[in-house]
Amino acid sequence: MVYFVGAGPGAEDLITIRGQRYLENADVIIYAGSLVNTALLKSAKEGCKIYNSAYMTLEEVIAVMEEAEAKGLSTVRLHTGDPSIYGAIREQMDELRKREIAFSVCPGVSSFCGAAASLQIEYTLPDVSQSVIISRAEGRTSVPEKERLQKLAMHQSTMVLFLSSGLAKKVKEELLAGGYPADTPVAVVYKATWEEEKTLYTTIETLPEDMETAGIDKTALIIVGNVLGGEYQKSKLYDASFTTGFRKGLSD
């Protein structure tokens, strides 16, 4: 059996209980070495074979899984954050299906959740933004035309950009072209929840320069939007005048 496990955003104790259990019982672990906190590998049992996929191709990863399955061994494929977001797991699952190798997916805490916790913000504030766009700037990996940042920016909702910290100038240009005001607040979180976490507050206008000054050009999330500001409306859910299925509002 192959278990795709979300390792969480970085902190050793932010893996799920289920994911931790799979790690402890694994005979083989293939981890995303460039992103996963190696402290998690301390959970591996004696004799477990550990592979760093940063040095492997898709074919080599599948070959390790196939060999382990032939021997009746349990394999954990350890991905950063939650494997459903930029995890490149679809291609692995399809190859396992072709080989009729059973697998399951264990979700994890995404780094965009870890970043919000570090910044102590809420992505969805009443009358500010009720949508979160998770996307990326186009680099070596292409982006569908209709999902280019300039077009997504037209919504001016909360935006969380993965895999874009080395493209800050392009991010600025596309966000401005899409209609965000130049003074829209931006936060950059480098290695959210890791010990070496670093946060930066800036605006779209000064984003490239401030990131360069801070020395941040990889392994960071860029959060854009007015949810980073101080103005919002309180939730109706806890308003004393608002009736819910559990209590009667004072005005009714």
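Filtering segment 136-164 to residues that are polar (S, T, N, Q) and touching a helix residue (DSSP H, G or I) at 6+ places or on another chain (Cβ under 7 Å) leaves 150, 158, 164.
Checking each residue in segment 44-55 for being farther than 24 Å from residue 219 by Cα and buried (at least 18 other Cβ atoms within 10 Å of the Cβ) picks out 44, 48. Within segment 154-179, being on the phi < 0 side of the Ramachandran plot and of a type in the set (A, V, I, L, M, F, W, C) holds for 154, 159, 160, 161, 162, 167, 168, 171, 175, 176, 177. If you go through segment 13-35 and keep only what is surrounded by 18 or more Cβ atoms within 10 Å (Cβ to Cβ), modelled with pLDDT of 95 or more and either in the same structural domain as residue 218 (by TED's automatic domain parsing) or within 18 Å of the chain's Cα centre (by Cα) (or both), you end up with 14, 15, 19, 31. Considering only residues in segment 152-195 that are part of a loop (DSSP other than H, G, I, E, B), among the small types (Gly, Ala, Ser) and under 21 Å from the mean Cα position of the chain (by Cα), the one that is farthest from residue 130 (Cα to Cα) turns out to be 166.
Cβ separations smaller than 8 Å between residues 6+ apart or across chains give the following pairs from segment 122-143 residues that are in contact (Cβ under 8 Å) with a residue 12 or more places away in the chain to residues that are assigned to a strand (DSSP E or B) and among the polar types (S, T, N, Q): 123/129; 123/158; 124/158; 129/158; 131/158; 132/158; 133/158.
So, residue 120, is that one surrounded by fewer than 19 Cβ atoms within 10 Å (Cβ to Cβ), modelled with pLDDT of 95 or more and under 30 Å from residue 197 (Cβ atoms) or not? Against the criterion (surrounded by fewer than 19 Cβ atoms within 10 Å (Cβ to Cβ), modelled with pLDDT of 95 or more and under 30 Å from residue 197 (Cβ atoms)), residue 120 qualifies.
Pairs meeting the criteria (first residue in segment 182-201 and of a type in the set (D, E, K, R), second residue surrounded by fewer than 21 Cβ atoms within 10 Å (Cβ to Cβ) and assigned to a loop (DSSP other than H, G, I, E, B), beta carbons under 6 Å, at least 6 apart or on different chains) are 191/197; 191/219. Taken over segment 151-176, the criterion of being surrounded by 19 or more Cβ atoms within 10 Å (Cβ to Cβ), charged (D, E, K, R) and out of contact with any Lys or Arg (no Cβ under 9 Å at 6 or more places or on another chain) is satisfied by 172 alone.
Do we find that residue 206 is of a type in the set (S, T, N, Q) and under 17 Å from residue 119 (Cα atoms) in this structure? Working first, answer last.
Values: of a type in the set (S, T, N, Q): yes; under 17 Å from residue 119 (Cα atoms): no.
No.
Name the residue that is surrounded by the fewest Cβ atoms within 10 Å (Cβ to Cβ), counting only residues in segment 56-110 that are within 19 Å of residue 22 (Cβ to Cβ) and among the polar types (S, T, N, Q). Within segment 56-110, the match that is surrounded by the fewest Cβ atoms within 10 Å (Cβ to Cβ) is 104.
Give me the residue from segment 202-252 that is assigned to a helix (DSSP H, G or I) and modelled with pLDDT under 75 and, out of that set, surrounded by the most Cβ atoms within 10 Å (Cβ to Cβ). Spell out the reasoning first.
First, the residues of segment 202-252 that are assigned to a helix (DSSP H, G or I): 207-214, 226-228, 236-238.
Now narrow it down to the ones that are modelled with pLDDT under 75: 236-238.
Details: 236: 12, 237: 8, 238: 9.
For segment 202-252, the residue satisfying everything is 236.
Restricting attention to segment 123-150, and to residues there that are assigned to a strand (DSSP E or B) and among the β-branched types (Val, Ile, Thr), which single residue is surrounded by the most Cβ atoms within 10 Å (Cβ to Cβ)? Once the filter is applied, the top-ranked residue is 133.
The values are calculated or read from the model by the stated rules, or taken from the named source; none is laboratory data. All values derive from a computational prediction rather than experimental measurement. Note that each Cβ is placed from the backbone with ideal geometry, even for glycine, and that neighbours are counted across all protein chains shown.
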